[in-house]
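Pasting a structure below so you can have a look.
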Amino acid sequence: MGQEFIIFGEKSFLMNSSIISWIQKYMELFLLQKEHPIWFYEVLEDLNSNFFMPYIKYFFDKDIIGEDKERLTYCLEMLDLTILQMQSTSKREFFDFIKEDIKGTWCDISHEFYNDEWFNDEKNFKEYYIGSLLKLKDLMQEGI
């Protein structure tokens, strides 16, 4: 599994490309269950298309948000909502939620990982999955 840059505007950090793609898919599916302002559906479409690229990952395209503080604030609220949801979710529940949508993709879960030890590694889930969104939030808040 390679490392990819998670980008927001001019800022970035490195993260495992499979993990970040799984998080992108989770966020997309989770947020599609909610109603949003019309412009935010473009963010979700971008999130979906970026999922299929195993390089240069982003969640919120700065071109869509622009310099609009209200849009940035809304995106941060959706990020917080996703973080809260993931904090109340186990790693197994996380993958149960996305497994059909990642089947056959470049980041499908290998059978060698699909075991109880891997699913029950909640420390890893908190540190790398939820932790990545917290890092992204820190980058985005610098723009407020």
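Would you mind checking the radius of gyration and Dmax of the chain based on alpha-carbon positions, in Å?
According to the Cα coordinates of the chain, Rg and Dmax are 14.6, 45 Å.
Given the pairs 69/99; 99/135; 34/126; 11/123; 62/123; 69/91, which are separated by over 29 angstrom at their Cα positions?
69/99; 62/123; 69/91
Report, in debye and to the nearest 20, how large the dipole of the chain comes out about its Cα centre when Lys and Arg carry +1 and Asp and Glu carry -1 on their Cβ.
It comes to approximately 220 debye.
OK, next. Taking only protein heavy atoms and a 1.4 Å probe, what accessible area per residue, in Å², does the chain have with all protein chains in place?
53 Å²
Tally up the carbon and sulfur contribution to the accessible surface of the chain as a whole percent, 1.4 Å probe, everything protein left in place.
Answer for the chain: carbon and sulfur cover 50 percent of the accessible area.
Are there trypsin sites (Lys or Arg not before Pro) in segment 48-110 that DSSP puts in a loop and that have at most 11 other Cβ atoms within 10 Å, and which ones?
103
As I understand it, the value is the acute angle between the Cα axis of helix 131-141 and the longest principal axis of the Cα atoms of the chain; what does it come to in degrees, rounded to 10?
Its long axis makes an angle of about 10 degrees.
For the Cα atoms of the chain, what angle does the longest principal axis make with the long axis of helix 17-31, in degrees from 0 to 90, nearest 10?
Helix 17-31 sits roughly 60 degrees off the main axis of the chain.
Give me the percent relative contact order of segment 1-68, please, defined on Cα pairs under 8 angstrom at least 6 residues apart. Can you show the working numbers first?
Details: 77 pairs, mean separation 26.8, N = 68.
Here the relative contact order equals 39 percent.
Given the whole protein assembly as supplied and a 1.4 Å probe, what does the accessible area of residue 110 come to in Å², nearest 10?
40 Å²
Another one. Check each of the GluC sites (Glu not before Pro) in segment 2-38 and keep only those in coil by DSSP with at most 16 other C-beta atoms within 10 angstrom; list them in order.
10, 35
Please list the non-local residues whose amide H lies under 5 Å from the amide H of residue 13, H modeled 1.01 Å from N, same-chain partners needing a gap of 5 or more.
Distant-sequence amide H within range of residue 13: 6.
How about segment 1-83: which chymotrypsin sites (Phe, Trp or Tyr not before Pro) there are in a DSSP loop, with at most 13 other Cβ atoms within 10 Å of their Cβ?
Sites meeting the loop and neighbour criteria: 52, 55.
Further question on the same structure: Under a Cβ-Cβ cut-off of 15 Å, what is the net charge of the residues other than residue 90 that fall near it, where Lys and Arg count +1 and Asp and Glu count -1? Can you show the working numbers first?
Details: positive: 91, 92, 99, 123, 126; negative: 93, 96, 116, 117, 121, 122, 127.
That sum, taken over residues with Cβ under 15 Å, equals -2.
Quick one: order 138, 61, 101 from most to least accessible surface, probe 1.4 Å. Numbers along the way, then the final one.
On the way: 138 90, 61 35, 101 70 Å².
Per-residue accessible area, sorted high to low, gives 138, 101, 61.
Give me the accessible area of residue 53, 1.4 Å probe, in Å² rounded to the nearest 10.
60 Å²
Not counting ligands, DNA or RNA, and with a 1.4 Å probe, what is residue 107's accessible surface area in Å² rounded to the nearest 10?
Roughly 0 Å² of residue 107 is accessible to a 1.4 Å probe.
The values are calculated or read from the model by the stated rules, or taken from the named source; none is laboratory data. Only a predicted model underlies this, so the values are computations on that prediction, with no experimental measurement involved. Glycine also receives a Cβ, built like all others from the backbone with ideal geometry; neighbour counts cover every protein chain displayed. Remember, those area values only see protein heavy atoms, side chains included, never the ligands or the DNA or RNA. Shrake-Rupley method; radii C 1.70, N 1.55, O 1.52, S 1.80 Å.
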